[in-house]
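I have placed the structure first, in the form of structure tokens, so that the comments after it can refer back to it.
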């Protein structure tokens, strides 16, 4: 999910949302869904890490650990539909107890 990946690299400054499409019924307007797929290099070792910034020389703590695109997608595709975000797997335990940074 591109939204989850952007949330990871933005260190929670951009938020992914759970979404689903519900039918509007026979009387409602027709819906059109468009799926987009992007190819990533699963074997790439390029790390993707959260970008952390802070004012006055202080840096905010990273909320997520770094990962590769292959590891991220393998976990995302393998976890199933359990109602939990794939991001939980990459969250740093100390960050789980602190509130998210302001938007």
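Values in this text are rule-based calculations from the coordinates and carry no lab data. Everything numeric in this text was worked out from a predicted model, so none of it was measured.
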Additional length obtainable on full extension of the chain from residue 46 to residue 6, 0.36 nm per residue less Cα span: 12.8 nm
Chain lengthening between residue 77 and residue 14 when straightened (0.36 nm per residue, less Cα-Cα): 20.5 nm
Extension gain from residue 38 to residue 60, taking 0.36 nm per residue of separation minus the Cα-Cα distance: 4.8 nm
